[in-house]
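The values are calculated or read from the model by the stated rules, or taken from the named source; none is laboratory data. In this text, all values refer to a predicted model and were calculated from it rather than measured experimentally. Quick reminder, even Gly has a Cβ in these numbers, built from the backbone with ideal geometry, and neighbours come from all protein chains shown.
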Amino acid sequence: MESLSRANAHKSQLLKESKAKVKTFVLDTNVLLHDPQSIFKFEDNNLVIPVEVLEELDTIKTEQSTERGRNARRVHRILQELLPDSHAMLEGVRLRNGGTLSVIINYYLVDQHFSGSNPAMLRLQAVLPDLSKKDNRIIACALYVQEQFPPPVILVTKDVNVQLKARAVGLESQDYLNDKVPAADAEAREGAYREIPATVYEMQRFCSEGFFALEGGGSKGLALNDYVLLRSDVGKTMPARVASMDASNGSCVLGRLRIPESVRAPGGIPIRPRNLEQQFLIDALLDDSISVVTCFGKAGTGKTLLSIACALYQTQEGHGALQSRYDGVSISRPVIAVGKEIGFLPGAIEEKMRPWLQPYFDALEVLIPSKPPKEAQFAEKKVSKKKKAKHEAAMRAMEAAPMSQASSHAGGGNGTGIIKPYERLIRSGMVEIEALCFIRGRSIARRFFILDEAQQLTPHEVKTVITRIAEGSKIVLIGDPAQIDNPYVDSRSNGLVYCHNRMRGQSLAAHVTLAKGERSKLAELAADLL
């Protein structure tokens, strides 16, 4: 007990020797699991890790196929390097960023005699009497740090409930803010695009030349590959994209959008953009120079349908290129349920993933319907007999492709023996299902990769997926930052928003926000009012 007291006294002296302006941050387990490098991201402040956190990490490290397990093992390796022996563990060390790192044992929990007379512990036990819970013990440790070390002391946790409990006992608490998008940037994304005034002469020149130079302060706030709308003084409009930027004089060049009249999957119906933002998205999805596209949009705005339509459009010959741009389409999404989970799902990976990817099967059914649609908007133009024969031959080849047992489960799971037209794409390998838990170590080449519900992922998980994309591939991240079921990310810290914020202005990246719902009047009304 005396050695423990001396070690804590040494820690207190170590922290007091730091600059007066520094703060002391107590880290919860979920912060380290969210970002193992967070230890080095608190600048020259003091960092404290309760010993209960090490115990929780020890339990989680055995999860072999999860991101939590991998991150727990990474934290252990980092702490092993920083705290190589018991001396460093007990007395703390200085970090390369100027701060300090300590592992704290709550002295009052060790000795009940002292805890019985301590005001902070009495206050804690009055509000949170069950100290067998790890969360309560971590809060107790933070209170001990608050009493022993120089203020201010802040508990950092991504668990909102722990934040509220900490504040209830008089302890300052906050979320991990390092990977959060600034509030100003989060608010700025609500505007889908920016309107730029232009004269009639400038609009005519833009139509004929395809480029428009924006001089002076007109380009302020714009970034490379941002989408804008040119509007003349007589009300004429034309969409454009920032094609180049000149940082030296603050000017930029706007380029015309290059989108076909319609896009269609092999054997499918033509899909045309219904609003301006959908034109922006199709332009980004079809541009060879853009390798990563992020798209925000509420339910029913067309994110899923347009992404799969443009993906399949570029996997067939005859869409404006001599050969297809991609060998196939890969589709994935996080496995996070809404509401109560239904338990273990049997079968192969395609069967397990099918409930999560059902929105894409619904989209494929729309794009390649079993029966010809009656709507006039899907009416096809007359095609030559030669082109029609070529198309029918391609479809017969896909239908005759060998089918493995796994692909049989993926494509013919309805049990009726009737093969839907889009199921031929799955059988032939043109459309593949990807599970994110097995994506590490992959190198995905010449594929159009669609990551749906990307707002459910952490920034580290999104980084893991994007770094799998090889040369000749493209990745599209879509989702709604307002619909998040992951308890450890929010509208400013999720992987989709983080990726957009960090990638904005890069020549390989583009972003589109879809605001208008096109699924139905009811869906649009529900998305706005409910």
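Here ALA510 clears all of (1) in contact (Cβ under 8 Å) with a residue 60 or more places away in the chain; (2) in a loop (DSSP other than H, G, I, E, B); (3) of a type in the set (A, V, I, L, M) except the condition numbered (2). Tallying residues that are part of a loop (DSSP other than H, G, I, E, B), modelled with pLDDT of 95 or more and touching a helix residue (DSSP H, G or I) at 6+ places or on another chain (Cβ under 6 Å) within segment 287-342 yields 1. Confirm whether GLN163 is assigned to a helix (DSSP H, G or I), crowded, with 18+ Cβ neighbours inside 10 Å and polar (S, T, N, Q). Taking the combined requirement at face value, the residue satisfies it. Looking only at segment 420-439, residues that are in contact (Cβ under 8 Å) with a residue 60 or more places away in the chain and part of a loop (DSSP other than H, G, I, E, B) come to 7 in all. If the condition is being part of a loop (DSSP other than H, G, I, E, B) and under 21 Å from LEU306 (Cβ atoms), then segment 477-503 contributes ASP480, PRO481, ALA482, GLN483.
For segment 202-234, a residue qualifies if it is hydrophobic (A, V, I, L, M, F, W, C), under 19 Å from THR513 (Cα atoms) and surrounded by fewer than 19 Cβ atoms within 10 Å (Cβ to Cβ), and the qualifying residues are ALA223, LEU224, LEU229. For segment 418-453, a tally of residues being of a type outside the set (A, V, I, L, M, F, W, C) and over 22 Å from PRO355 (Cβ atoms) returns 7.
In a residue-by-residue description of segment 436-445, the property of being at pLDDT 90 or above, surrounded by 15 or more Cβ atoms within 10 Å (Cβ to Cβ) and not assigned by TED's automatic domain parsing to the domain that holds ASN30 applies to at least one position. For the condition hydroxyl-bearing (Ser, Thr, Tyr), surrounded by fewer than 17 Cβ atoms within 10 Å (Cβ to Cβ) and closer than 24 Å to ALA515 by Cα, what is the one hit in THR199, THR237? Among THR199, THR237, only THR237 is hydroxyl-bearing (Ser, Thr, Tyr), surrounded by fewer than 17 Cβ atoms within 10 Å (Cβ to Cβ) and closer than 24 Å to ALA515 by Cα. For segment 256-286, which residues satisfy the criterion of being small (Gly, Ala, Ser) and at pLDDT below 95? The answer is SER262, ALA265, GLY267, GLY268. Any idea how many residues of segment 146-172 are touching a strand residue (DSSP E or B) at 6+ places or on another chain (Cβ under 8 Å), closer than 13 Å to ASP28 by Cβ and β-branched (Val, Ile, Thr)? Of the residues in that region, 4 qualify.
Checking ASP44, ASP58 one by one, the residue that is assigned to a loop (DSSP other than H, G, I, E, B), surrounded by fewer than 20 Cβ atoms within 10 Å (Cβ to Cβ) and either out of contact with any helix residue (DSSP H, G or I) (no Cβ under 6 Å at 6 or more places or on another chain) or aromatic (Phe, Trp, Tyr) (or both) is ASP44 and no other. For segment 238-259, the set of residues classified as in a strand (DSSP E or B), under 23 Å from LEU281 (Cβ atoms) and touching a residue at least 24 places away in the same chain (Cβ under 8 Å) consists of MET238, PRO239, ALA240, ARG241, ALA243, MET245, CYS252, VAL253, LEU254, GLY255, ARG256, listed by residue number. Just one residue in the set VAL228, VAL162 is within 30 Å of TYR108 (Cα to Cα), of a type in the set (A, V, I, L, M) and at pLDDT 90 or above; that residue is VAL162. When ILE450, ILE419, ILE433 are checked against the criterion of being buried (at least 18 other Cβ atoms within 10 Å of the Cβ), of a type in the set (Val, Ile, Thr) and either assigned by TED's automatic domain parsing to the domain that holds ASN71 or modelled with pLDDT under 85 (or both), a single residue qualifies: ILE433. Go through the residues of segment 73-83 one by one and say whether even a single one is touching a Leu at 6+ places or on another chain (Cβ under 9 Å), free of Cβ contacts under 8 Å to residues at least 40 places away in the same chain and in a loop (DSSP other than H, G, I, E, B). Yes, segment 73-83 contains at least one residue that is touching a Leu at 6+ places or on another chain (Cβ under 9 Å), free of Cβ contacts under 8 Å to residues at least 40 places away in the same chain and in a loop (DSSP other than H, G, I, E, B).
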